[in-house]
Amino acid sequence: MEIIKADTIEQYNRFFGFQTKHPLVSVVHFGPSESQPNYRMTYGFYSLFLKKTVGCVINYGRTKYDFDDETVVCFAPGQTVSVSSIEHGPAPEADGLLFHPDFLHRTSLAQKMKQYTFFSYASNEALHLSEDERVIVRDYMDKIARELEHAIDRFSKPLIVSNIEVLLNYCMRFYERQFVTREELNNDVLVRFEQLLDDYWDSGMARLHGLPTVKYFADKICLSPNYFGDLVRSETGMTARDRIHLKVIEMAKNALLEPGMGMKQVADMLGFQYPQHFLRFFKKETGCTPKEYCLRNNLAV
């Protein structure tokens, strides 16, 4: 299927037959009477969709979103998404908020967009909403839509930006709630993470490929790095990167206390290309060098 490029709000609206009321912001509605083609599209803007029915399937990369009716999915500029209708299913209904990065220039929200990590969630990570939460999302979309009906003046941009920011903050809160309500599933992810940490070094992967990244473990668990990182932080109070580093330090301390294990051997075992890299890492994480640590434990390295 050919990929459609929608770099601008106008291109997106033209493809679906929506009226463009502002070149950089749009609120769209897919109703049950409107037929939608199957398509693959690369977005050049941020988009947030509240899906009302089960009438279509959205694929990001190779994985389907785990969403049903009344869920929210978010996409960032540069992401490619496939949408296909469900055969013999109901017509898909959805409300969408689209806003271009250029609209955020010279606003405080432009600097905050990185904190809304749900725009980078890739698979099995739709936001499932309660009825009260759905009302809030619709309310702020309606406020933005009403503002777009007015002629553009000096108040238009700050009012629209402020409503977008409040909506994104609510979504952040809802995702935090979702982490809590999915505690059993989250615990399964954390158990798998710990197993993968052990397997990485037990299997000798570190010697071959060096220190693992957060993305490596996220891919193994079939989550995006941002969602995986947010989940780990929500459940443990530390980032996934910090947990990896803690594991490395735990193994380093044990290895350094083993007879006949010098700093070079320990560095190689853990996946450091050069012993001096391991030395800097160890000192940064523990506040002392490997030699100082061994001396404290009456050993020499």
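Here are the numbers for this structure:
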quantity	calculated
Extension gain from LEU246 to LYS5, taking 0.36 nm per residue of separation minus the Cα-Cα distance	82.5 nm
10 °C / 1.306 mPa s Stokes-Einstein diffusion coefficient of the range 166-301, Kirkwood radius on C-alpha pairs, µm²/s	97 µm²/s
Alpha carbon Rg of the range 104-258, scaled by the compact-globule rule 2.2 N^0.38 Å	1.37
Relative contact order of the range 172-301, pairs being alpha-carbon contacts under 8 Å that are 6 or more residues apart, as %	22 percent
Peptides 41-51, 216-226 ordered by average Cβ neighbours within 10 Å, highest first	41-51, 216-226
Principal axis dimensions, largest first and in whole angstrom, of the range 104-167 by Cα	40, 28, 15
Per residue value of the accessible surface for the range 103-165 (all protein chains in place, 1.4 Å probe), Å²	54 Å²
Accessible surface of ASP132 - all protein chains present, 1.4 Å probe, nearest 10 Å²	110 Å²
Label-point separation in nm, TYR170 to LYS220, each point 7 Å along Cα→Cβ	3.9 nm
ASP142, ASP230, reordered so the largest accessible area comes first (probe 1.4 Å)	ASP142, ASP230
Entries in LYS21/LYS143; LYS220/LYS283; LYS52/LYS220; LYS21/LYS51; LYS112/LYS247; LYS5/LYS51 that, when Cα-Cα distance is taken, lie over 24 Å	LYS220/LYS283; LYS52/LYS220; LYS112/LYS247
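The values are calculated or read from the model by the stated rules, or taken from the named source; none is laboratory data. All of these numbers come straight from a predicted model, not from anything done at the bench. Virtual Cβ from ideal backbone geometry, glycine too; neighbours counted across all protein chains shown. SASA here: full protein model, heavy atoms, side chains in, ligands and nucleic acids out. Shrake-Rupley method; radii C 1.70, N 1.55, O 1.52, S 1.80 Å.
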